[in-house]
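Working notes, beginning with the structure itself.
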Amino acid sequence: GAVVSQHPSRVICKSGTSVKIECRSLDFQATTMFWYRQFPKKSLMLMATSNEGSKATYEQGVEKDKFLINHASLTLSTLTVTSAHPEDSSFYICSASMGSPDTQYFGPGTRLTVL
Amino acid sequence: RKEVEQDPGPFNVPEGATVAFNCTYSNSASQSFFWYRQDCRKEPKLLMSVYSSGNEDGRFTAQLNRASQYISLLIRDSKLSDSATYLCVVNRYNQGGKLIFGQGTELSVKP
C-alpha cells in the first residue's frame, strides 16, 4: 500500500516551454502533498506544500508564478514549470501524506532537462 | 550554516565492515528524526525512524542525542547492497511539519 506515482518520469523540453508533472497517490487519499527539487549531489529541497482544495504554501526563494501547483483532488497534485530555463533542469520529487507530517510517501521522481 | 549537516563522505568500505554516519541539526524545535536511503537517480526511501532511546533494526542502529543535537547511524556487517546515499532527515512541527534533508553521505561497499 501507500504508492505514489509521478508522470512523466523523464522529460526533455526546449527553453521557454512549460512542463507539467503529475503526482498521484494510487491507493490512499493524500491530504497533503509536497514538492521537492534535487540538484546533482545536493540535498532534497522542499519547494512547496499543498493541501487539497487550497493554495500551496511556497518555501522562501521559490517563485510561485514560475512553479504552479494545483491540488484539485485528494489523489492528484500537479506542478507546472512555466517558461522553463536550463537552470530549472533538476530532479523533481513529490511526496504525499495522509495527515501525519512524519510519514511521507515519495514518488519515483521526474527528471527534467531543459535545453 | 545548514540546518542538517552530515559527514561529507564518500565512505568506501569492504564487505563486512562496520560503518558509522553522523549528523547534526541546528534547530532545537526539531521533533522527529529519520534516516532515509537514496539510490542513484531514485527517490528517497525511509530506512528507519530515530528515537531518543536508540533503536535497532537488524544490522542498523540509530541513536539520537537531543542535548547535543546529534544523530547517528551504524551499519554492521556491510553488504554490497548497502551501497547508497544515506540522508539524515528532521521534521520541524512548528512550521507545519516539513522534512528537512541533509545533503547525504555516500556509501560504497566493495567486495
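Quick notes
- Set side by side, the residues A:V62, A:V81 differ, and just one is touching a helix residue (DSSP H, G or I) at 6+ places or on another chain (Cβ under 7 Å) and either away from every other protein chain (no Cβ under 12 Å) or of a type in the set (S, T, N, Q) (or both), which is A:V81.
- Residues that are aliphatic (A, V, I, L, M), more than 12 Å from chain B (Cβ to nearest Cβ) and in a loop (DSSP other than H, G, I, E, B), drawn from region A:7-55: A:L26, A:A30
- Restricting A:E59, A:E22 to residues that are closer than 26 Å to B:R37 by Cβ, of a type in the set (D, E) and in contact (Cβ under 8 Å) with a residue 40 or more places away in the chain narrows the list to A:E22.
- Leading residue by the ranking (farthest from the chain's Cα centre (by Cα)) among those in region B:68-111 that are outside any strand (DSSP E or B) and closer than 19 Å to A:K42 by Cα: B:S83
- Residue list for region B:53-111, filter: touching a residue at least 60 places away in the same chain (Cβ under 8 Å), closer than 19 Å to A:C94 by Cα and among the charged types (D, E, K, R): B:R92
- Answer residue from region A:1-41, given it is of a type in the set (D, E, K, R) and either in contact with a strand residue (DSSP E or B) (Cβ under 9 Å, 6 or more places away or on another chain) or crowded, with 19+ Cβ neighbours inside 10 Å (or both) and is farthest from B:R41 (Cα to Cα) among those: A:K14
- Screening region B:38-49 for residues that are touching a residue at least 24 places away in the same chain (Cβ under 8 Å) and buried (at least 19 other Cβ atoms within 10 Å of the Cβ) and picking the one that is farthest from B:G16 (Cα to Cα) gives B:P44.
- Top-ranked residue of region B:9-53 - restricted to ones that are charged (D, E, K, R) and assigned to a strand (DSSP E or B), ranked as farthest from the other protein chains (Cβ to nearest Cβ): B:R37
- Against the test of being modelled with pLDDT under 95, surrounded by fewer than 19 Cβ atoms within 10 Å (Cβ to Cβ), touching a strand residue (DSSP E or B) at 6+ places or on another chain (Cβ under 8 Å) and hydroxyl-bearing (S, T, Y), the options B:S52, B:S30 yield a single qualifying residue, B:S52.
- Just one of the listed residues (B:R37, B:R76, B:R66) is at pLDDT 95 or above and farther than 30 Å from A:R111 by Cα, namely B:R76.
- Scan of region B:72-99 for residues that are farther than 14 Å from B:V19 by Cα, surrounded by 13 or more Cβ atoms within 10 Å (Cβ to Cβ) and not polar (S, T, N, Q), ordered by number: B:L87, B:C88, B:V89, B:V90, B:R92, B:Y93, B:G97, B:K98, B:L99
The values are calculated or read from the model by the stated rules, or taken from the named source; none is laboratory data. Just so you know, these numbers come straight off a predicted model, no measurement behind them. Here the Cβ is made from the backbone with ideal geometry for all residues, glycine too, and neighbour counts use every protein chain on show.
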